[in-house]
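Below is one structure, written out as structure tokens; comments come after it.
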Amino acid sequence: MNWFIDKVMCRDIEGTLEAVHTVRFESWLPAWTVPFLVVALVLLCTFQYGRMSDLRVWKRILLVVLRVTAYLCLLFIFARPTIHVEAEGFLPGPVPVVLDGSQSMSIPDAGGVPRHVAAERLAAELAALRGDFPDLRLYLYWAGRDMQPWTTAAGFVPDDDTTSLARFLADGMRPHLGHYCPAFIMLTDGAHNVTEDPRAALHGLVSSKTPVFTVGFGDTQAKDAGVAFVMAESVVFLNETARMYVNLNQRGYDGGRGQVEVSLNDRIIAVEPLHFDERSEWSLPIDYVPDATGEFQLTVQISPLEDESTLENNTYSKTIRVIDEKVKVLLVFGTPTWEYRYLLGALDRDARVTPQVVLESLDSRIMHRTRTQTFLTRLPSAPEQLSEDFDLVVLSAINVLGLPKPFREALVGFVRDHAGGLVVLSDRAHVPYTLKGTCLEELLPVTLGDGTGATYRDEWSAPDAQASALTITEEGLANPLLAFSGSREENRAIWEKFPPVYRCYRGGRLKPAAVSLLLSARNQFNQSSPAVVQHAYGKGTVLFMGFDSTWRWRREFGDRYYREFWGKVVQFLGLPHLLDEAAQTSLFVSREHCHVGDRITVTAKLMNPDYSPYISESVPLIMRQGDEEDELPLIPIPDRLGMYRTHVWPESEGDAMFELPARFYTKPARLRVSQRRREFVESGMNEELLAEIAETTGGEFVAGGSANARNLLESVMTHRPLAARRLKRGLWDGWAVLVLCLTLFCFEWLFRKLFYLD
């Protein structure tokens, strides 16, 4: 039967049959009638020739046999018998060969040959062997930014910034869906770095029984170290220590050593040793001391390391300005609270600051006896005088109603008209309760409720023992004022470690233009209240803090966070007045650095010349990046008069500048855009994933260094899946049956003539 099927059924079909399962015949003539028809034909022919008594018996038998056989051939043709065979076998079919065209394939590994070059060599060898394996119809594709047919003369360059094995599998199979595919060959390093799981793309391959042969290129652990981002203040002070946060990443150097160099205009000013551990990403604080004034290019560079896969991400640059000035701070306190004592000590030790104090409860005799320049006997009474003598005012623990009215009015003009900074520290007794109804109330970024402050009797009889945990907001994470690390996640974790506050003002709500940076939440009801809020008032900036216990940070952590926080407060609120760089409007981006394709929020606070909120349906925002210029619409933020917002997704790397129309007189905002170098984060060959893909689909994993084109194709031939074959052949529809029938009739006619019959 197998011989019959092979010679009759498969004589003109492609492929081979390996196993026959069922064989059945079909005809319009029922099988049970065949014996009766045969007997009837025999009887008919016997009757016809039996009447010829003058013929010898052997002649009659010969003629009967010839006629019966001819009639049976005619009956066979008219019955149209068909044979159906269900079997399994091999077929010729397309074999997609996909070459990974992502950027990581350009990495030269230990052998010094880029991965894509080795992959193309193997692809060329496979193409040259097409004639030796006719059942394997190889289709070669280059999987860069787009999937394209590959030839030896194509000259493609690895340009895709991500590796998606799921896309390779889906796009490579798409042109051949519905066809029997003996195999799928993928030449890649397996550095899958996108969100979709490549295992999800295997279901179709498994159901179609298409084995995947993965050929892996590259070392299993590619080495690389780079500077992802540098968070540094744009303005620093001459001969004073400045701190920056350098975000680093590394792969393959666990336990190794290196160094980071910091330079100003190619002059090295700081060198920090690196000790690599198991962390792949971390933020490194580096202190440096600028020794000259002016504008400089601050460059942070990791020294090249041994066997590093790429040096493109080893350097990061930023423009900074070095000044030789001091920020003058006025502390206005009623009593020497713990916050006052710690804060004055911190400012006294800060060479960038000149602090002066008005302490309401201070005995004037001490002033005469010590003749100190720190304490003032009276407050300025005019905005111009306040602006000339100070850059920043800190107000706390004092009954504001007891302050001279000229000073209160001068403080409003100092912030609004002279770009002064104001910090309002809430205490339990007076601030901000006594600001209600005064001209200073409008300075606050929060509204004031109807509550009153606590008395000393309340302090003894009803102390506030309800702890409130501090939580940093998304706006706070984007604001360098609250940054203790260059990593957002690490910075959030730092704020979660801070001790709770026990007295936080809870009576107010955010004003329209205010930005909440820190929240305090009561443990009992989990109700959040703004703890640190910032907003612009006129040309100046006001920072409201709903608690006055930052001194506890110093007790818990030393100067690590306390001095750094207050140093930033002094710098960010006092420098605009000191440098006379305040603007009536402000424009800022949610991040100083982003990657291509990230979502960036651009926010603007727009004021009229009389400091009233600017009202419009939209405001044009110009985005410049290189030679490209685009106009974006700033849309009003609901319920926040004068506040506008838009979102942008940068499409290319390089510095981007955002500018408002000239009538707003504001400084442009700068955004640094870089490529998300996911290709070089986990750039080693992912042998585990490639082997899993091959095993799941019934294929094989081969290391690129040991791959041989002929052996690979022979392995494909061995692992080809059996395909179901359903064959149908009409036994009657052929020249052999017709010739046999005609031959029989011809012989019968010939013998009749020889026997002298009509």
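The values are calculated or read from the model by the stated rules, or taken from the named source; none is laboratory data. Bear in mind that the values here come from a model prediction, so they are computed numbers and not experimental data. As a convention, Cβ positions derive from the backbone with ideal geometry for all residues, glycine included, and neighbour counts pool all protein chains shown.
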I need a count of the residues in segment 289-310 that are in contact with a Ser or Thr (Cβ under 8 Å, 6 or more places away or on another chain), within 19 Å of Ser234 (Cβ to Cβ) and surrounded by fewer than 19 Cβ atoms within 10 Å (Cβ to Cβ). 3
Just one of the numbered conditions (1) over 30 Å from Arg251 (Cα atoms); (2) surrounded by 16 or more Cβ atoms within 10 Å (Cβ to Cβ); (3) aromatic (Phe, Trp, Tyr) is not true of Tyr665; which one? (2)
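In this structure, is Asn239 touching a residue at least 40 places away in the same chain (Cβ under 8 Å) and within 23 Å of the chain's Cα centre (by Cα)? Can you show your working first?
On the way: touching a residue at least 40 places away in the same chain (Cβ under 8 Å): yes; within 23 Å of the chain's Cα centre (by Cα): no.
No; evaluated as a whole, the condition is false for this residue.
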So for segment 622-635 (the condition being more than 36 Å from the chain's Cα centre (by Cα), in contact (Cβ under 8 Å) with a residue 12 or more places away in the chain and part of a loop (DSSP other than H, G, I, E, B)), does at least one residue qualify? no
Arg670, sole failed condition from (1) in contact with a Ser or Thr (Cβ under 9 Å, 6 or more places away or on another chain); (2) outside any loop (DSSP other than H, G, I, E, B); (3) at pLDDT 90 or above: (3)
When you scan segment 623-645, do you find a residue that is surrounded by fewer than 14 Cβ atoms within 10 Å (Cβ to Cβ), aliphatic (A, V, I, L, M) and out of contact with any Lys or Arg (no Cβ under 9 Å at 6 or more places or on another chain), even just one? no
Just a yes or no: is a residue in segment 687-703 without any contact (Cβ under 8 Å) to a residue 40 or more places away in the chain and either part of a loop (DSSP other than H, G, I, E, B) or among the small types (Gly, Ala, Ser) (or both)? no
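May I ask you to list the residues in segment 201-226 that are under 30 Å from Asp109 (Cα atoms) and without any contact (Cβ under 8 Å) to a residue 60 or more places away in the chain?
Of segment 201-226, the ones under 30 Å from Asp109 (Cα atoms) are 201-202, 211-226.
The answer is Ala201, and nothing else.
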In segment 116-139, which residues are within 14 Å of Val97 (Cα to Cα) and surrounded by fewer than 14 Cβ atoms within 10 Å (Cβ to Cβ)? Ala128, Arg130
Kindly indicate whether any position in segment 740-750 is part of a helix (DSSP H, G or I) and within 33 Å of the chain's Cα centre (by Cα). no
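Would you confirm whether or not segment 564-573 contains a residue that is part of a loop (DSSP other than H, G, I, E, B) and either buried (at least 20 other Cβ atoms within 10 Å of the Cβ) or polar (S, T, N, Q) (or both)?
In the first step, residues of segment 564-573 are kept if they are part of a loop (DSSP other than H, G, I, E, B); the result is none.
Checked against the condition, which is being part of a loop (DSSP other than H, G, I, E, B) and either buried (at least 20 other Cβ atoms within 10 Å of the Cβ) or polar (S, T, N, Q) (or both), segment 564-573 yields no hits at all.
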Got a sec? Which of Val194, Val236, Val246 is in the same structural domain as Leu284 (by TED's automatic domain parsing), closer than 27 Å to His595 by Cβ and in contact with a Lys or Arg (Cβ under 9 Å, 6 or more places away or on another chain)? Val236
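Looking at Arg676, Arg725, which one is charged (D, E, K, R), outside any helix (DSSP H, G or I), surrounded by fewer than 19 Cβ atoms within 10 Å (Cβ to Cβ) and modelled with pLDDT under 75? Full working, then the answer.
Numbers: Arg725 fails: surrounded by fewer than 19 Cβ atoms within 10 Å (Cβ to Cβ).
Selected residue: Arg676, the only one of Arg676, Arg725 that is charged (D, E, K, R), outside any helix (DSSP H, G or I), surrounded by fewer than 19 Cβ atoms within 10 Å (Cβ to Cβ) and modelled with pLDDT under 75.
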Can you pull out the residues in segment 228-241 that are among the small types (Gly, Ala, Ser) and part of a strand (DSSP E or B)? Ala228, Ala232
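Sort out which residues of segment 213-227 are more than 21 Å from Val97 (Cβ to Cβ), part of a loop (DSSP other than H, G, I, E, B) and among the hydrophobic types (A, V, I, L, M, F, W, C), and write them in order of number.
Residues of segment 213-227 that are more than 21 Å from Val97 (Cβ to Cβ), as a first pass: 219-227.
Now narrow it down to the ones that are part of a loop (DSSP other than H, G, I, E, B): 219-222.
Within segment 213-227, Ala222 is the sole residue that qualifies.
Only one of these is assigned to a helix (DSSP H, G or I) and more than 31 Å from the chain's Cα centre (by Cα): Arg552, Arg640. Name it. Steps first, please.
Values: Arg640 fails: assigned to a helix (DSSP H, G or I).
The unique qualifying residue is Arg552.
Counting only residues that are farther than 13 Å from Trp282 by Cβ and buried (at least 20 other Cβ atoms within 10 Å of the Cβ), which one in segment 224-241 is modelled with the lowest pLDDT? Steps first, please.
Looking only at segment 224-241, we keep the residues that are farther than 13 Å from Trp282 by Cβ, and these are 224, 230-241.
With buried (at least 20 other Cβ atoms within 10 Å of the Cβ) added as a condition, the list becomes 224, 230-232, 236-237.
Values: Asp224: 79, Val230: 85, Met231: 84, Ala232: 85, Val236: 89, Phe237: 89.
By that ranking, first place goes to Asp224.
Yes/no per residue for (1) hydrophobic (A, V, I, L, M, F, W, C); (2) assigned to a strand (DSSP E or B); (3) under 27 Å from Leu578 (Cβ atoms):
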{"residue": "Arg243", "(1), (2), (3)": "no, yes, yes"}
{"residue": "Leu248", "(1), (2), (3)": "yes, yes, no"}
{"residue": "Tyr253", "(1), (2), (3)": "no, no, no"}
{"residue": "Gln259", "(1), (2), (3)": "no, yes, no"}
{"residue": "Ile269", "(1), (2), (3)": "yes, yes, yes"}
{"residue": "Glu272", "(1), (2), (3)": "no, yes, no"}
{"residue": "Gln301", "(1), (2), (3)": "no, yes, no"}
{"residue": "Leu305", "(1), (2), (3)": "yes, no, no"}
Counting just the residues of segment 574-598 that are of a type in the set (Gly, Ala, Ser) and more than 21 Å from Arg645 (Cβ to Cβ), which one comes out modelled with the lowest pLDDT? Ala582
Only one of (1) out of contact with any helix residue (DSSP H, G or I) (no Cβ under 9 Å at 6 or more places or on another chain); (2) under 22 Å from Glu86 (Cα atoms); (3) surrounded by 10 or more Cβ atoms within 10 Å (Cβ to Cβ); (4) modelled with pLDDT of 75 or more is not met by Phe47, so which one is it? (2)
Provide a single number: the residues in segment 143-162 that are modelled with pLDDT under 85 and β-branched (Val, Ile, Thr). 2
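Somewhere in segment 314-321, is a residue of a type in the set (Lys, Arg), buried (at least 19 other Cβ atoms within 10 Å of the Cβ) and within 42 Å of the chain's Cα centre (by Cα)? Steps first, answer last, please.
Just the residues of segment 314-321 that are of a type in the set (Lys, Arg), to begin with: 318, 321.
Add one more test, that the residue is buried (at least 19 other Cβ atoms within 10 Å of the Cβ), and what stays is 318.
Filter once more, keeping what is within 42 Å of the chain's Cα centre (by Cα): 318.
Among the residues of segment 314-321, at least one is of a type in the set (Lys, Arg), buried (at least 19 other Cβ atoms within 10 Å of the Cβ) and within 42 Å of the chain's Cα centre (by Cα), which makes the answer yes.
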Tabulated pairs, segment 19-30, first farther than 15 Å from Lys728 by Cβ, second of a type in the set (A, V, I, L, M, F, W, C) and at pLDDT below 75, C-beta under 9 angstrom, 6+ apart or interchain: Ala19/Ala87
Just give me the residues in segment 326-355 being basic (Lys, Arg) and part of a loop (DSSP other than H, G, I, E, B), in sequence order. Lys326, Arg352
